[in-house]
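Just so you know, all these numbers are worked out from the coordinates, no wet-lab data involved. Computed from a predicted model, the values in this text were never measured in an experiment. Counting neighbours? That spans all protein chains shown, and the Cβs are built from the backbone with ideal geometry, glycine included.
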Amino acid sequence: MRDITLVEVRSELAAGTRGSSMGIDALKVASLDKKSDFFSRFDPINVPDANKYLWQGNAHPYANYIDGVYEVVQNVHQTIQTLRRDKKFPIILAGDHSTAAGTIMGIKSAHPDKRVGVIWIDAHADLHTPYTTPSGNMHGMPLALCLAIDNIPCEINQPLPGTIAFWEKMKQIGGEGPKILPQDIVFIAVRDTEKAEDHLMREYEIQNFSVSEVRRRGVAETAKAALSLLSGCEQVYISFDVDSLDSALSVGTGTPVAGGLTVKEAVKLNETLIKDKRVCCWEIVEVNPTLDTENRMAQNGFEILASMTRSLVENF
């Protein structure tokens, strides 16, 4: 049986809208509405955030609040590194998606000789850097950070020296060099990208199973194909961003996009993926109840979280 530890990360520094730090509590409210005892079964670890930087002003226009994001990514890395060394299975509830960089870094530094595969279920590729970002929001950068790339061929910004210094330090969290290889990333439901990200996806031939392809193949076959692409990886990490869901279901996330997965598809996808014995960590991010009505996104997210956990427990 997997030894599950619930990890809560209430950071929202890297999002473009405020409120994702409240996503964890929104999931808990949703569990009460569903009369679930889910949260009574875990004693969660709370990772320190750095949301205080929001009141101190942003000195890094092409990597907003990178000084604070650096602190949070360090904190997440240390937490996940310790849990993985202790053979725990982290289920992570997080605010903005930038903290996923710390998760990947922690998985890698706990077992540096093992390749880490990433299944990124998201509307966005999150492959931007301070040199390419159109927004400056660092929740669009965690995979580029873990790949340790700058994507200079697509440069549109000139980050300040202090920003570059933080970016370079962040690349080194958990050890020198890349934490993952581009061929060890699989996207599912990505459908809102910019030219710089498209360039990297083409250059490295990163597979994206579009929503239409998921429906053509079927959810079970898509999961099987995604895991097969990661056959060279000893560990697999699954990151589920709720904006992978169709925006018609709820706008309770910072960057909703039309044409996404249904809740039923997301439930089956995560239930199927989690059965692979190599999966070592699962995460849900970007629930923002301030953008929602009737807590709909958190209710959808909790349904996916609870079903995934049930599948995890029943299969191990």
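Reachable aspartates and glutamates from LYS114, Cα under 19 Å, same-chain residues fewer than 8 places away excluded?
Once the sequence-local aspartates and glutamates are set aside, what remains near LYS114 is ASP86, GLU176, ASP184, GLU234, ASP276.
Kindly state, as a whole number, the per residue volume in cubic angstrom of the convex hull around the alpha carbon atoms of the chain.
Each residue corresponds to 114 Å³ of Cα convex hull volume.
Ignoring everything except DSSP H segments at least 4 long, calculate the 222 nm mean residue ellipticity for the chain; use -39,500 (n - 2.57) per segment, divide by total residues, nearest 500. Numbers along the way, then the final one.
On the way: 10 runs with 117 residues, N = 316.
After summing the helix terms and dividing by residue count, I get -11500 deg cm²/dmol.
Here are some pairs, LYS52/LYS169; LYS87/LYS275; LYS28/LYS179; LYS34/LYS264; LYS108/LYS224; LYS28/LYS224; which of them have Cα atoms lying more than 26 Å apart in this structure?
Numbers: LYS52/LYS169 21 Å; LYS87/LYS275 17 Å; LYS28/LYS179 32 Å; LYS34/LYS264 17 Å; LYS108/LYS224 24 Å; LYS28/LYS224 31 Å.
Result: LYS28/LYS179; LYS28/LYS224 exceed 26 Å.
Across region 1-124, how large is the tail of the calculated P(r) beyond 21 Å, expressed as a percent of all Cα pairs?
Working: 3386 of 7626 pairs.
Summing the P(r) tail past 21 Å for region 1-124 gives 44 percent.
Relative contact order of the chain: what whole-number percent is it, with Cα pairs under 8 angstrom and at least 6 residues apart? Each step should come with its number before you reach the end.
Values: 679 pairs, mean separation 70.6, N = 316.
After rounding, I find 22 percent.
Using only the C-alpha atoms of region 168-316, find the volume of their convex hull and express it per residue in Å³. Write down the numbers at each step before the final one.
Numbers: hull volume 20.4 nm³, N = 149.
So the per-residue Cα hull volume is 137 Å³.
Compute the Rg to Rh ratio over region 235-316 from the alpha carbon atoms, using the Kirkwood formula for Rh, and round to two decimal places.
Details: Rg = 12.8 Å, Rh = 12.9 Å.
Ratio of gyration radius to Kirkwood radius for region 235-316: 0.99.
Using a Gaussian network model of the chain whose springs link C-alpha atoms within less than 10 Å, name the residue from GLY19, GLY177, GLY68 with the highest mean-square fluctuation.
Looking only at GLY19, GLY177, GLY68, the largest GNM fluctuation is found for GLY177.
Determine, for TYR62, TYR204, the number of other Cβ atoms within 10 Å of each Cβ, and report the residues in order from fewest to most.
Values: TYR62 23, TYR204 15.
Starting with the residue having the fewest Cβ neighbours, the order is TYR204, TYR62.
How would you order 241-247, 272-278 from highest to lowest mean count of nearby Cβ atoms within 10 Å? Before the final figure, lay out the partial values.
Values: 241-247: 25.3, 272-278: 17.7.
Listed from highest to lowest mean packing, they are 241-247, 272-278.
Averaging sequence separations of C-alpha pairs under 8 Å and six or more residues apart, then dividing by the length of region 134-196, give the relative contact order as a whole percent. Could the numbers behind the result be given before it?
Details: 22 pairs, mean separation 28.3, N = 63.
Rounded, it is 45 percent for region 134-196.
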